[in-house]
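A short write-up of the structure that comes next.
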Amino acid sequence: MLTVTPAFVFERAGTSVESTKPRSRVSNARNDVVTGGIVVAGILMFIGTGSRVLQQAMNALSGVGGGVDQTLTVAVLLNIALILFGWRRYRDLSNEIVERTAAEQRAQVLASRDPLTGFLNRRALSEQGGALLTKAARRQKSFAMLMLDLDHFKNVNDVHGHAIGDALLKTIAAEVATLMPPSAITARLGGDEFACAFAFDGGSPGMVDRVAESIVARLAQPFEVANTHVHISVSIGIARADSEGATIDALMRSADIAMYAAKHQGRNRFAWFDVSMERELQERNAVEAGMRSGIPKGEFVPYFEQQIDLSTGRLHGFEMLARWDHPTRGLVCPDHFIPIAEETGMIADLSMSVMRQALVEAKNWDHGLTVSVNISPSQLKDPWLAQKLVKLLTETGYPPERLEVEITETSLFENLALAQSIVGSLKNQGIKLALDDFGTGYSSLAHLRALPFDRIKIDRSFVASICDNSESAAIVNAITRLGDSLGLPVTAEGIEDAAIEERLRQLGCHKGQGWFYGKPLPISQVRTLLAERNLLPYARRRDEVRADEVVELRRSA
């Protein structure tokens, strides 16, 4: 990242230009007066003594008088030296003033401009943007603030280096500047974030749309930087002001919120700010804060969805799902917190916390029951993931052969080599591997060959419509036959009724899960279910199960 030079630019002995402006000007004025006085005095003395020495010299040459007075001659020479010294000092002071003025101008530029792109910096944007906003209000014009953030710019620096990244930023800045209206101001706020502001006719907001569209379209095109092809895109947030009550800081904040909304909508686009975005942001921040305090408190707990053998109806295991047992909001579904956990990097701690509770409980089940756990794409980027899972198995005492790790196909594309290393380490410990949501991603046969999967899971979107949609039925049939040809069992997710179950059984699907067999259950209800089916060791009675629940939950948390 480039650091914008601050306003206080140090020049000499640790003092800033701005802090020395008044003192330097007074000092220069005093020096000018002293130097000027010395020169004037030297000239006056030279006129007084020089004329006498010259007269004596002329008389001496003509044979009149007694020659030149040596004292006067020395005085004249000293006067000449004094005049030369004063002139030299005056010239030095003039040069110093010129240099100091240039330094002050450079400092002012550095204090207001980004040194890489030449755009305004954040402080200058506030100042000049405020003046432009006031001018627009006086002219009864509307005012637009655009916040631009490059998508995945970090990847450019990581792959191509910071030199290419800086060159790309300069090129993008030049492109953005050409697409702005003539009266617009542009700023780089740091890193890969830019801002633009301009006045426009409030009755024609389409003009702002066209500017934003042109920026999005241009930056979506590949760039040639130092003989390197670079692909990038941009997300833009737009806020507008139509009255004098608005401020630049408020507009920047609103445009920033809209920019993040554009990113959440898929990136490579622009979005106008509205108040609902701010409410969503506040809700998101509340969820994030709650998660940061809730994970170490054990508020996130495992729920278990039954997995059934379709041919026999026998329970063969559970898929572990995370739920948030919020102290005031009650049970929170994962759709509300998993995306935020992924975005903030809390998913690893959350997953390990819930998994620990699940494995502590599941080790007491019948040894024929398995537990499936989902590994997020961000977790699969962790080169120590396998070691962390093995350590967790050791600490909980859960048998690795009864654990099945589920990964989605899309998570394999970013770093297949790392995924192969992680999966290889897990397989060496006896852990099984399932390819989750097959059919919704790339459905690449290369992945089935590259990684030693033990199972394929068909996404619920196909299973739920298998009786009503011929295309879904054909996809499920094709995946089932593919699994049979590769010797991989197939599990169908999302079985909602008996008709779907029967159709899957006819297609040869081996196992299934869904609400037809019951909704996901908390630990207490799973214990009751297993006790009724004699799937707990020593056939513990229900009252014993309930008596142990509180102790076991505290221990797992």
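Miscellaneous remarks
- Screening the range 452-463 for residues that are modelled with pLDDT under 90 and either of a type in the set (A, V, I, L, M) or outside any helix (DSSP H, G or I) (or both) and picking the one that is farthest from L426 (Cα to Cα) gives D459.
- Search result, residues across the range 379-409 that are small (G, A, S) and open to solvent by 40 Å² or more (accessible area, probe 1.4 Å): G397
- Residue check for L133: surrounded by 18 or more Cβ atoms within 10 Å (Cβ to Cβ), within 25 Å of A246 (Cβ to Cβ) and not polar (S, T, N, Q): yes
- Among the conditions (1) closer than 29 Å to S353 by Cβ; (2) in contact with a Gly (Cβ under 7 Å, 6 or more places away or on another chain); (3) among the acidic types (D, E), the only one that E404 does not satisfy is (2).
- Residue satisfying all of: in the range 149-167; closer than 16 Å to P115 by Cβ and among the hydrophobic types (A, V, I, L, M, F, W, C); least open to solvent (accessible area, probe 1.4 Å) among these: A167
- Of all residues in the range 506-529, those that are loosely packed, with under 15 Cβ neighbours inside 10 Å have Cβ atoms under 6 Å from Cβ atoms of residues that are assigned to a strand (DSSP E or B), 6 or more apart or on another chain, in G518/Q306.
- Residue satisfying all of: in the range 102-121; open to solvent by less than 60 Å² (accessible area, probe 1.4 Å) and over 20 Å from A173 (Cβ atoms); modelled with the lowest pLDDT among these: A107
- Verdict on L146 being assigned to a strand (DSSP E or B) and open to solvent by less than 80 Å² (accessible area, probe 1.4 Å): yes
- For the range 207-241, a tally of residues being assigned to a helix (DSSP H, G or I) and either under 13 Å from L150 (Cβ atoms) or of a type in the set (G, A, S) (or both) returns 7.
- Of all residues assigned to the range 198-214, none qualifies as being touching a residue at least 24 places away in the same chain (Cβ under 8 Å), under 19 Å from the mean Cα position of the chain (by Cα) and farther than 18 Å from K135 by Cα.
- Every listed requirement among (1) at pLDDT 60 or above; (2) surrounded by 12 or more Cβ atoms within 10 Å (Cβ to Cβ) is met by V68 save one, (1).
- In the range 343-371, the residues that are surrounded by 16 or more Cβ atoms within 10 Å (Cβ to Cβ) form Cβ pairs under 9 Å with partners that are of a type in the set (S, T, N, Q) and in a strand (DSSP E or B), at six or more places apart or across chains, as follows: S351/N374; A362/T370; T370/Q307.
- Residue list for the range 168-187, filter: open to solvent by 10 Å² or more (accessible area, probe 1.4 Å) and not β-branched (V, I, T): K170, A174, E175, A177, L179, M180, P181, P182, S183, A184
- Matching residues, the range 318-329, being touching a strand residue (DSSP E or B) at 6+ places or on another chain (Cβ under 9 Å) and either surrounded by fewer than 22 Cβ atoms within 10 Å (Cβ to Cβ) or over 30 Å from E502 (Cβ atoms) (or both): L321, A322, R323, W324, D325, H326
- Residue match in the range 220-238 (condition: at pLDDT 95 or above and either basic (K, R) or over 22 Å from G266 (Cβ atoms) (or both)): no
- Within the range 490-505, being surrounded by fewer than 19 Cβ atoms within 10 Å (Cβ to Cβ) and within 40 Å of the chain's Cα centre (by Cα) holds for one residue alone: E496.
- The criterion of being modelled with pLDDT under 95, open to solvent by 70 Å² or more (accessible area, probe 1.4 Å) and not hydroxyl-bearing (S, T, Y) does not hold for R269.
- Pairs where the first residue, in the range 111-126, is under 21 Å from T247 (Cα atoms) and the second is in a helix (DSSP H, G or I) and of a type in the set (D, E), C-beta under 7 Å, 6+ apart: S126/D249
- Leading residue by the ranking (farthest from the chain's Cα centre (by Cα)) among those in the range 359-413 that are among the hydroxyl-bearing types (S, T, Y) and not in a loop (DSSP other than H, G, I, E, B): T370
- Residue check, L315 surrounded by 17 or more Cβ atoms within 10 Å (Cβ to Cβ) and in contact (Cβ under 8 Å) with a residue 60 or more places away in the chain: yes
- The range 520-534: number of residues that are in a loop (DSSP other than H, G, I, E, B) and among the β-branched types (V, I, T): 0
- Of the candidates V275, V216, V301, the single residue that is under 30 Å from V360 (Cα atoms), out of contact with any Cys (no Cβ under 9 Å at 6 or more places or on another chain) and β-branched (V, I, T) is V301.
- Those residues of the range 468-477 which are more than 29 Å from Y303 (Cα to Cα), small (G, A, S) and surrounded by 14 or more Cβ atoms within 10 Å (Cβ to Cβ), in sequence order: A473
- Lone unmet requirement of (1) more than 20 Å from V373 (Cβ to Cβ); (2) surrounded by 15 or more Cβ atoms within 10 Å (Cβ to Cβ) for D484: (2)
The values are calculated or read from the model by the stated rules, or taken from the named source; none is laboratory data. No experiment lies behind these values; they were computed from the predicted model shown. All Cβ positions, glycine included, derive from the backbone under ideal geometry; neighbour counts span all protein chains shown. Each accessible area value is taken on the protein alone, full model and side chains, heavy atoms only, with ligands, DNA and RNA left out. Shrake-Rupley method; radii C 1.70, N 1.55, O 1.52, S 1.80 Å.
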